[in-house]
1. I'm trying to understand the selection: among the residues of the stretch 104-132, which are closer than 20 Å to S65 by Cβ and not polar (S, T, N, Q)?
2. Do we find that S19 is modelled with pLDDT of 95 or more, hydroxyl-bearing (S, T, Y) and out of contact with any strand residue (DSSP E or B) (no Cβ under 9 Å at 6 or more places or on another chain) in this structure?
3. Quick check on my filter: what residues within the stretch 60-69 are open to solvent by 40 Å² or more (accessible area, probe 1.4 Å) and in a helix (DSSP H, G or I)?
4. Tell me whether the stretch 94-101 contains one or more residues that are in contact with a Cys (Cβ under 7 Å, 6 or more places away or on another chain) and not basic (K, R).
5. Just the residues that are among the hydroxyl-bearing types (S, T, Y) and open to solvent by less than 40 Å² (accessible area, probe 1.4 Å), please, taken from the stretch 220-236.
6. Please count how many residues of the stretch 20-41 are open to solvent by less than 10 Å² (accessible area, probe 1.4 Å) and touching a residue at least 24 places away in the same chain (Cβ under 8 Å).
7. Looking at K72, K85, which is the one that is away from the ligand (no atom under 13 Å from the Cβ) and open to solvent by 20 Å² or more (accessible area, probe 1.4 Å)?
8. As an exercise: evaluate W31 against (1) assigned to a helix (DSSP H, G or I); (2) more than 14 Å from the chain's Cα centre (by Cα); (3) more than 16 Å from the ligand (Cβ to nearest atom) and give the number of the one condition it does not meet.
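The values are calculated or read from the model by the stated rules, or taken from the named source; none is laboratory data. Treat the numbers as computed from the prediction; the structure is a model and nothing was measured. Here the Cβ positions follow ideal geometry from the backbone for every residue, glycine too, while neighbour counts run over all protein chains shown. All accessible areas refer to the heavy atoms of the entire protein, side chains included, with ligands and DNA or RNA removed. Shrake-Rupley method; radii C 1.70, N 1.55, O 1.52, S 1.80 Å.
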Amino acid sequence: MPPDANVVFLTGAGISAESGLRTFRDNDGLWEEHSIEDVATPEAFLRDPELVYRFYNLRRAQLQSNVVNPNKAHYALAEFERCHKGKVLIITQNVDDLHERAGSQNILHMHGELLRARCCHSQRTFSMTGSFDGAARCICCTPQQSIRPDIVWFGEMPFYMEEIEQAVVEADFFISIGTSGNVYPAAGLVQLANHNQAHTVELNLLPSEMNNAFKEAHYGMASLIVTQYLTQNVEE
Ligand code: APR
């Protein structure tokens, strides 16, 4: 990898699995106990808001427990960003803050953030580390309005899509880590990268749905293969 290469990482739940956060589609994954339709859609929020508040309150509390910390894969990306001379961007589907806690700075959370809440009226977002429910009120409107988790639900448009597409078009390397390639538009980004002559790499436990779209692939635990890949391919 040339030292001035423009590198875009796309991360998914697999990079946080070794930190103790469950993925979505592996067995015993997050969706095993809940159907997506019951906790991660606007219709679910309208139908049973308290179930949705509870689902995210539990995940928010777990993320802040002292047993959930960044793993070697998160730290490897942060170190790479610190040392690399070219542009580095992490596009993450994850709503945890483990990339930030590992020291990465240039991050776009395309599916939102567990540690933020959003006003249902103004759409303004603000930091939220505690639990909240339907009785909670925003601080931006008069009269105050209800708030929701700042998470992109199925059927909603992911955040930062213009910025993300521009970054992928300009990327020299597009490296996907820990995602099953099941959910669009994230899953389609590798095709945009290929179309713009980027070198595309899949680092995952198992071949993803999009594995054939990648020019290079390495399989194993993220904490091992991400560190190995960056160590072996960085000409700093
Ligand atoms: N190291 C590397 N990869 C791993 C590890 C690990 N330790 N453990 C699991 N994986 C891989 C799995 O093989 C799988 O391909 O991580 C991937 C996780 O896939 P999903 O559970 O589907 O998670 P993700 O791809 O991030 O889901 C995308 O779907 O449910 C929505 O909004 C949610 O952001 C999420 C999106």
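1. E113, L114, L115, R116, A117, M128, G130, F132
2. When the stated conditions are applied, S19 passes them.
3. Within the stretch 60-69, A61, Q62 meet the criteria.
4. Within the stretch 94-101, not a single residue is in contact with a Cys (Cβ under 7 Å, 6 or more places away or on another chain) and not basic (K, R).
5. S223, Y229 - these are the residues of the stretch 220-236 that are among the hydroxyl-bearing types (S, T, Y) and open to solvent by less than 40 Å² (accessible area, probe 1.4 Å).
6. Total satisfying the criteria: 1.
7. Selected residue: K85, the only one of K72, K85 that is away from the ligand (no atom under 13 Å from the Cβ) and open to solvent by 20 Å² or more (accessible area, probe 1.4 Å).
8. (3) is the only condition that W31 fails.
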